[in-house]
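Everything below concerns the one structure shown next.
The values are calculated or read from the model by the stated rules, or taken from the named source; none is laboratory data. None of these values were measured; they are calculated from a predicted model. All Cβ positions, even for glycine, are placed from backbone atoms using ideal geometry, and neighbour counts span all protein chains on display. We work out accessible area using only protein heavy atoms, side chains counted, and drop any ligands, DNA or RNA first. Shrake-Rupley method; radii C 1.70, N 1.55, O 1.52, S 1.80 Å.
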Amino acid sequence: TYVGRPEGDEVLSLAMSLLANGLAAAGHDEDALPVQEADLAMMRRLGDSEDSILVVQSNLAMTYASLGRLEKALSMERDIYYGRLKLDGEEHERTLMAANNYATGLRELERFEETKALLLKVMPVARRILGESDGLTLKTRWNYAQSLYKDDGATLDDVRE
């Protein structure tokens, strides 16, 4: 059991992550949220790796989005994207995934110009690094198409693109 273990104990950290992920997967986002927040706070206090922290932040951002806290989710997605840029560089798949997640948050908040600007920067990198038919490349292109389609201010030339 993990109850009563010291904060830095690896079993405690793994148990918290497993509990949070299980709750979220079962659709119990309200219950998962405080576990994820506590896990992230503990990881920061203990000085866990930036990579591990970004993974937990990504799970937490998805939970915020599921709960309709889109601004909070977007703020985290932005931090994750810039964290991935710094840690992995712009040509890493994890950075491209973080960029697409960030763009999705922007699009969901109808911040279409920012969405398009980000994706126009990321799409050529995804195509070059991952290939035209890669799932993430296609998701990025779909996200861009959605930002054009849903933008009431888009011109006919934008939509034709």
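Key figures for this structure:
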| read-out | value |
| --- | --- |
| Residues located in the stretch 91-130, provided they are open to solvent by less than 20 Å² (accessible area, probe 1.4 Å) and under 25 Å from residue 53 (Cβ atoms) | 95, 96, 98, 99, 100, 103, 105, 106, 118, 122, 125, 126 |
| Residue 77 vs. criteria open to solvent by less than 40 Å² (accessible area, probe 1.4 Å) and charged (D, E, K, R) | yes |
| Scope the stretch 142-158; condition open to solvent by less than 90 Å² (accessible area, probe 1.4 Å) and either within 28 Å of residue 91 (Cα to Cα) or at pLDDT 85 or above (or both); matching residues | 143, 144, 145, 146, 147, 148, 158 |
| Residue under evaluation residue 86, criteria (1) at pLDDT 90 or above; (2) crowded, with 16+ Cβ neighbours inside 10 Å, criterion not met | (2) |
| Tabulated pairs, the stretch 112-139, first on the phi > 0 side of the Ramachandran plot, second surrounded by 19 or more Cβ atoms within 10 Å (Cβ to Cβ) and part of a helix (DSSP H, G or I), C-beta under 7 angstrom, 6+ apart or interchain | 131/137 |
| Tally, over the stretch 35-51, of residues that are in contact with a helix residue (DSSP H, G or I) (Cβ under 9 Å, 6 or more places away or on another chain), open to solvent by 40 Å² or more (accessible area, probe 1.4 Å) and either more than 23 Å from residue 87 (Cα to Cα) or assigned to a helix (DSSP H, G or I) (or both) | 6 |
| Subset of the stretch 52-74 [farther than 12 Å from residue 98 by Cβ and crowded, with 20+ Cβ neighbours inside 10 Å] | 56, 60, 63, 64, 65, 73, 74 |
